[in-house]
Each structure stands twice: as C-alpha cells, then as structure tokens.
Amino acid sequence: MAAPFAEELLSWYREKRADLPWRRDPSPYQVWLSEVMLQQTQVQAVYPYYERFIGAFPTIKALAAAPLDDVLKLWEGLGYYSRARNLHRAARIILSEHRGELPSDVQALLELPGIGRYTAGAIASIAFGRSAPVLDGNVIRVFARVLDLDADISRSATREKLWRIAEGWLPAGVAGKYNQGLMELGQRICRPKNPQCGECPIRSHCRARSAGTQESRPVRAKRPPTPHYDVTAGLIRDDEKRLLIAQRTLDGLLGGLWEFPGGKVEAGETLADCLKRELREELAIEVDVTGLFTVVDHGFTHFKITLHAFDCRYRGALPPYDEPQALGVRDWAWVAEAQLAEYSFGKADRMVIDELSRRREMLL
C-alpha cells in the first residue's frame, strides 16, 4: 500500500522541486554521478563539481577512458575520494561487461563498485522507473518523524524495519518522483535542526509533530569522542629546490591522492623522529629536518588530525638505493613548486600548499 502521504508529497514535489542541473534532461549516467556526489555532501557544494565533471567526462565511455589522476583532480576538494575511484572502476566495468550501458536492475547495479543499496534504488527508480525504495539520511529522518519512531536508527534492526517500510510505501508507477520528493523534503523542510513543519506538505500525517517530539527524532545512540592524531609531513627539497611528493596507495584513506610524505606519530615519538621514520619506511630516504613550516587542523569522518609540516633537506636514499623507492606509497615525484597545482591533493595538504603560495607572494 502506498504511503498515506504519497499524494501530498508528489503534489508538493511537482510544484516545489528544486531546479537541479542533473534533473535537466537527465541520462542514467547523470543520475548515477549526481547520486554518488551527493553522498554525505550538501547539494550546494556539489553544483560546481558536477558541472566540471560532466563537462570533462560527458559519458561513461569518456570517464572509463580517463586516467585516474585526472578523475581525482576534478574531484579534489569534494572529499570521500573512494567515491571517485569507484566511479572510475565502475565505468570501466560497465564498458567491458555491459556494453557501455548502466544496468537498470537493482541487483546488477549492486555488483558495481561504490553502489550500495540506497544508490542502486535511486538509480533504478529515478533513471529507469523501477519500483525500488531508497533510504538515506533525509528519508530516515522523514520516516522517523512521520512514525514518531523512538528506536535507535543506528541499529541494524531499525534500519531493516525502515527499509521494509520504504518498500511497502512505494506508490505504483511513480517511485522515482516519490523518492526524489522524500529526499528533497528531508533536505529542505524536514531538516535535522529547526524543521520547517509549517511548510511541510505532509504535516497532517506526522505523528512526531502531533506529539511535539520532532526535534528529538530520529533517535541516535550517543557517539564516542572523536579520536585525534598528530601527523607529520615533509616539505623535502633537493639541490634544485624541487619538492618531493608521494602518491598514496589506492587501498587506503585518500587513495590515489598526492601528499607531502610523512605519517602518524607513534607513542613516545617526537615529531621530527616520526617524520624521519616514516620517510625511511615509505620512501627509503634520509632527510635533515630544518624547521617547522606550518601546522594545520583537519577533520575526517571518524577522526581529526593536526598536520605538522616541516621544511626538510634531502640527504639521499638509503643504501643500496640511489633514489627514493615506492615502498609504502604508490609513486613519487620531484616537482617544482609551480607544478603542485597539476596534482590532486587532500584538504590538509592543499592548506599547506596555500601557505606556500601565500609566503611566495609576500616575497614578490
């Protein structure tokens, strides 16, 4: 049976839906790309990235043919870089196994890298008109308030219950519009804080609003304190004043991005000792740490770091090598400071680069 509020929601969506670039004559590829970009990212932040990405890679074939470095460079600053790596991998699989066409079946979509239950349902319903449910943070919040749900939404049993409700409430023939309406309602009206209940088209169906509990729904278990780590990085220069940068391995955090090499401080270790150890382990090199260049703070999803970037003088490779080695990194390169803009870096390293640029401009 369709959701009791389906008619009001669909009417609101027809009249009030936002004019989003991926909704203008959308292809399955555009739906897929937008849904991936919107994962854990605000709509407004996605706009410029979507436009640049679709301009550079207008088709799945173009994305599959592109080098990963080019894909990561266009993704730079959007975060959650595994999304970009998975898009690239999936595009190549679609080209080789699906004749370049994105599958329309939920099960086939789930077999592609980076496509989970929510994304598969969104693509299938929006791009192909399939009767498939979605359940993202926005939809969970709407459902939790409509139902005045007092169960912890972080529990798997609660999530499974909500998935069953989402599937049972799908209206026949218009799942795509209904799903988009739910997601947009959660994003614009049924917000995490200060929900705009007076503007909500389904407020007459909302049990939490009737009970006055909308601000306390959904219920989540209290999160533990966010861990913090001190991390070092070396601005390592050779006799030609070039900087040594390293590319992170593909299977870890920020995989495929470039960085100023270094790593996490271990217990009882000084910052300088940490940096020297990491450089020996990852690149088989020795440096002189000549001074602190800058300190930046940055937060990831589950932890925070303070990055201590040091000026360093390159002393050479460890015997028996005569140059750096890719031991704990994917690749390395000596680059002029002006060439840094050609490489894709994470946010913390980009802040270090911004400080490099600022100091260089002060000397002009």
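Below is a table of values for the structure above.
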read-out	value
Three-way shape label, region 197-258, alpha-carbon gyration tensor, a/c 1.5	prolate
Rounded, prolate or oblate (a/c below 1.5 giving rounded, otherwise prolate when a/b exceeds b/c) for the chain by Cα gyration tensor	prolate
In degrees, nearest ten, helix 347-363 long axis to first principal axis of the chain (Cα)	50 degrees
For the chain, with +1 on Lys and Arg beta carbons and -1 on Asp and Glu, the positive-most of 57, 204, 12 along the dipole	204
Using alpha carbons only: equivalent-ellipsoid semi-axes of region 1-64, gyration tensor based, whole Å	28, 13, 11
Antiparallel %, DSSP beta bridges [both residues in region 228-363], to 5	70 percent
Cα-based equivalent ellipsoid of region 79-154: semi-axis lengths in Å, sorted from largest, via gyration tensor	29, 15, 8
Nearest-ten-degree value, helix 43-56 long axis tilted from longest Cα axis of the chain	70 degrees
Set 264/347; 73/304; 16/177; 304/347; 193/222; 276/347 screened for pairs whose C-alpha atoms are more than 19 Å apart	73/304; 276/347
Counted charge near residue 81, where neighbours are those whose Cβ lies closer than 15 Å (Asp, Glu -1; Lys, Arg +1)	+2
Under the Karplus curve 6.51 cos²θ - 1.76 cosθ + 1.60, θ = phi - 60°, whole-Hz ³J(HN,Hα) for region 102-109, x wherever Gly or Pro sits	5, x, 9, 8, 4, 5, 5, 5
Equivalent ellipsoid semi-axes, region 6-216, via Cα gyration tensor eigenvalues times 5, rooted, Å	31, 18, 16
Reachable aspartates and glutamates from residue 161, criterion Cα separation under 12 angstrom, eight or more residues apart if same chain	152
Kirkwood hydrodynamic radius of region 265-330, from inverse mean 1/r over distinct Cα pairs, in Å	13.2 Å
Three-way shape label, region 228-363, alpha-carbon gyration tensor, a/c 1.5	rounded
Radius 10 Å from Cβ of residue 206, net charge of other residues (Lys, Arg +1; Asp, Glu -1)	+4
Rounded Å value of the spacing that divides the Cα centres of region 20-70 and region 109-136	16 Å
Residues whose placed amide H lies under 5 Å from that of residue 250, excluding near-sequence neighbours	256
Qualifying GluC sites (Glu not before Pro) in region 162-240, DSSP loop, other Cβ atoms within 10 Å at most 10	240
Region 71-179: trypsin sites (Lys or Arg not before Pro) falling in loop per DSSP and having at most 10 other Cβ within 10 Å	99
Check: region 1-131 dipole with +1 on Lys, Arg Cβ and -1 on Asp, Glu Cβ, in debye	160 debye
Residue-averaged [θ]222 nm for the chain, counting only DSSP H segments that reach four residues, each worth -39500 (n - 2.57)	-13000 deg cm²/dmol
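Taken together, the values in this text are just the output of simple stated rules run on the coordinates, not laboratory data. The model shown is predicted, which means the values in this text are computed figures rather than measured ones. With ideal geometry, Cβ positions are generated from the backbone for all residues, glycine too; neighbour counts draw on all protein chains shown.
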